[in-house]
Amino acid sequence: MAILSFDLGGTKLAIAIFDAHGNCLLKQQQPLAGSRGISVSQLMADHIRQFLATDRFVIDVIGVAVPGMYDAKSGTVWAPNIDGWTAYPLMAELQLVAGHIPIVIDNDRACCILGETWKGSATGCKDAIFLTIGTGIGAGIMVDGHVLRGVNQTAGAIGWMALNDKFEDLYERYGCFEAYGSGDGMARLVQKRIAEQPGYNGILDKSEVLTASDVFAAALKEDALAIQVVAICIGLWGRAAANLVSLLNPDQIIFGGGVFGPGVDYIPAIKKEADRWAQPLGTAHVQFKASALAGDACLYGAARSAALFYQQNNHDYA
């Protein structure tokens, strides 16, 4: 059995082939390079054609992770980071190329937790959360072995988690947590603090686009503003994790995304902050871990979602 897996992001497309046991047989990545609308789906369709035309792998099922929401009833995708994808008919376009080979599309949050519980830090765990902190923030939530989805597939959109008392207009676009707790949010917080502290002339006061890595690097060099911003974010991450622990009582919370990454060394500090706020019995049990699959969690999860579908519909699955 061979599974063709796609992880579609806002800036790149990752492609992999897995066997039934979760072994990655091939992996490649391609930048989207400003692709939009139909050109993105055509890129995916081209890869499907290439793999179906080769004798190297016999593709049995295709899994796709998308950066947004997938409506299984209509086969459409809402992906705000891809221009033109508000109700995009991705399933129909890909199925035209795939023919009889089944395609399973899922959102990236669900795929991350499926991948991590299949072959990552939470292998075999039935109650776990994958906290993705990168350009945005989301959570893949597994409860009693099932991915939590919600009535319209928005469960886990925790960038909108309310963590502050005072509402800011910025929250209407990003949500309270994501506004300053994401990778881009850390850069926004730096700029906000510089505006509030006009005397600052440290290493983060530059014209280039700031990243979370810049902030972490500056904190290691003992830049006062960077240390302040990292401390604020640890508070946000810790309180958000505490709310998840108290509400869902997971066995593990896995930290992934572009921020973790360079932010993995702060996971113990995040756990310490969460312990202050969370339900005591829940936080005494839960483990905080870094993703073992790092940037490949979505790829593994898309493959896992496809494999489960194939298993449910084919008795000869092995």
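The values are calculated or read from the model by the stated rules, or taken from the named source; none is laboratory data. From a predicted model like this one, the values you see are computed outputs, not experimental measurements. Every residue, glycine among them, receives a Cβ derived from its backbone with ideal geometry; neighbour counts consider all protein chains shown. Note: accessible area is taken over every heavy atom of the protein model, side chains too, but ligands, DNA and RNA are not part of it. Shrake-Rupley method; radii C 1.70, N 1.55, O 1.52, S 1.80 Å.
Miscellaneous remarks
- Among [x] -0.47, -0.70; [y] -0.58, -0.79; [z] -0.64, -0.87, the entry derived from the coordinates for log10 I(q)/I(0) by the Debye sum over Cα atoms at q = 0.09, 0.11 Å⁻¹: [x]
- 29 Å Cα-Cα threshold exceeded, pairs from Lys73/Lys126; Lys27/Lys192; Lys119/Lys206; Lys12/Lys289; Lys126/Lys166: Lys27/Lys192; Lys119/Lys206; Lys126/Lys166
- Of the DSSP H helices in the chain, those whose Cα atoms cover at least 15 Å axially and whose Kyte score averages -0.5 or more: 38-53, 108-119, 183-196, 224-248, 297-313
- At q = 0.12, 0.29 Å⁻¹, base-10 log of I(q)/I(0) for region 186-250 (Debye sum, equal scatterers on each alpha carbon): -0.36, -1.28
- Accessible carbon and sulfur surface of region 219-309 relative to its total accessible area, %, 1.4 Å: 57
- Net charge in the neighbourhood of Arg173 (other residues with Cβ under 13 Å of its Cβ; Lys, Arg +1, Asp, Glu -1) is -4.
- Ratio of Rg to Rh over region 241-293 (Cα coordinates, Kirkwood Rh, two decimals): 0.97
- Over region 95-225, relative contact order from alpha-carbon pairs under 8 Å, at least 6 apart, %: 15
- Per-residue SASA remark: Asp214, around 50 Å² accessible (1.4 Å probe; ligands, DNA and RNA not included).
- Computed [θ] at 222 nm, helices only, for the chain once each DSSP H run of length n ≥ 4 contributes -39500 (n - 2.57): -12500 deg cm²/dmol
- Ratio of Rg to Rh over region 160-299 (Cα coordinates, Kirkwood Rh, two decimals): 0.98
- Once the 1.4 Å probe is applied to the protein heavy atoms, the chain comes out at 46 Å² accessible per residue.
- Cβ-defined net charge surrounding Lys119, 15 Å radius [Lys, Arg +1; Asp, Glu -1]: -1
- Of the solvent-accessible surface of region 1-95, computed with a 1.4 Å probe over protein heavy atoms with every protein chain present, carbon and sulfur atoms account for 51 percent.
- Across the options Val143, Trp85, Ser5, the greatest Cα extent toward the positive end of the charge dipole of the chain (unit charges at beta carbon of Lys, Arg, Asp, Glu) belongs to Val143.
- Cα-derived Rg to Rh of region 1-105, Kirkwood definition: 0.94
- The chain: relative contact order as a whole-number percent, Cα under 8 Å and 6+ apart: 21
- Spin-label model distance (nm) - Lys73 vs Thr211, 7 Å beyond Cα toward Cβ: 4.1
- Within region 162-228, the trypsin sites (Lys or Arg not before Pro) that combine a DSSP coil assignment with at most 14 other C-beta atoms in a 10 angstrom radius are Lys166, Lys206, Lys221.
- The rule of thumb for compact globular proteins, 2.2 N^0.38 Å, goes into the C-alpha radius of gyration of region 112-196 1.28 times.
- For Leu299, the shell of other residues with beta-carbons less than 13 Å away shows a net charge of -1, using +1 for Lys and Arg and -1 for Asp and Glu.
- In plain terms, the bigger the Kirkwood radius, the slower the diffusion; for region 72-160, with that radius from Cα pairs, at 10 °C and 1.306 mPa s, Stokes-Einstein puts D at 110 µm²/s.
- Binned Cα-Cα distance frequencies in region 59-212 - 5 Å width, integer %: 2, 8, 14, 16, 16, 15, 11, 8, 5, 3, 1, 1, 0
- Between Gly99, Gly138, Gly185, the Gaussian network model of the chain with springs among Cα atoms under 10 angstrom shows the greatest mean-square fluctuation at Gly99.
- Multiplying the residue separation of Ile227 and Leu96 by 0.36 nm and subtracting their alpha-carbon distance yields 41.9 nm.
- Here the relative contact order of region 1-122, from alpha carbon pairs under 8 Å that lie six or more residues apart, stands at 24 percent.
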